[in-house]
1. Please identify the longest segment of the chain free of exposed trypsin sites (Lys or Arg not before Pro), where exposed means a DSSP state other than H, G, I, E or B and no more than 12 other Cβ atoms within 10 Å.
2. Could you check how many percent of all C-alpha pairs in the chain are farther apart than 28 Å?
3. What distance in nm lies between label points placed 7 Å from Cα along the C-beta direction at Ile62 and Lys95?
4. If you stretched the chain out fully between Ala33 and Ala179, how much longer would it get, using 0.36 nm times the residue separation minus the C-alpha to C-alpha distance?
5. Of the DSSP beta bridges with both residues in segment 1-134, give the percent that are antiparallel, rounding to the nearest 5.
6. Compute the signed sum of charges (Lys and Arg +1, Asp and Glu -1) over the other residues within less than 13 Å, Cβ to Cβ, of Ala143.
7. Out of all DSSP beta bridges in segment 68-191, what portion is antiparallel? Express it as a percent rounded to 5.
8. Sum up the charges of everything whose Cβ sits under 11 Å from the Cβ of Cys74, counting Lys and Arg as +1 and Asp and Glu as -1, but leave Cys74 out.
Amino acid sequence: MELLKRRIREDGQVKGADVLKVDSFLNHQMDIALFVEIGKEFYKRFAHCGVNKILTIEASGIGVACITAQFFHCPVVFAKKSKTSNLDDRLYHAKVVSFTHATVSDVVVSRDYLGPQDNVLILDDFLANGEALRGLLDILRQAGSQVVGAGIVIEKAFQPGGAQLRREGLRVESLARVASMSEEGGVVFAD
Ligand code: 5GP
């Protein structure tokens, strides 16, 4: 998606070897006009898949998921990061290792909001090692829901998550794929 790639080139900041900061339009301040274009693009790619629910993970996936849901006319469910190791049987649980904070959290979704009747599109802001997506897939497996695929705003294609999940059969659609990046040279896109 050219508009997104241009914005990453202009406003993205590379931190160290593998963190891309896009706080000015995606992760802290949110550019809603850009989110609308992102939502339209996800809709174009998944329009005929019978999506009746979008699943994301707090916090940074929620904004994009909500704007995108307006095109699919469906609700958004976000997995909550829970501090207590929750043994509540009204919840689906998964463990997720956070890429940015190097912590492990238990993420939970209520059984009330996902089940076998759901045809789910997963959305997230970044894909790196695939931990967040794997946690969400685990929750959908517990719920018996159908998985339509995953929509990702920025995939760091030099990290293994995307390739592994595609090999395992998941449809992953990323709107910008970063092939490599460095503090000196900036971002190089894969396609
Ligand atoms: P993964 O679980 O695929 O390893 O990492 C994806 C999650 O980590 C996303 O939900 C995102 O919040 C965060 N993340 C991973 N890499 C980056 C990055 O380079 N920049 C930002 N801002 N977040 C990232």
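1. With trypsin sites (Lys or Arg not before Pro) excluded where exposed in loops, the chain gives 91-191 as its longest stretch.
2. Every Cα pair in the chain considered, those over 28 Å come to 21 percent.
3. Rounded to a tenth, the inter-label distance reads 2.6 nm.
4. Going from the current span to full extension adds 50.0 nm.
5. Expressed as a percentage, antiparallel bridges in segment 1-134 total about 65.
6. Here the charged neighbours net out to +1.
7. Antiparallel: roughly 50 percent of the beta bridges in segment 68-191.
8. 0
The numbers here are math on the coordinates, done by the rules we state, and not lab data. Worth saying up front: this structure is predicted, and the values here are computed from it rather than measured. A quick note on method: Cβ atoms are made from the backbone with ideal geometry, for glycine too, and the neighbour counts reach across all protein chains shown.
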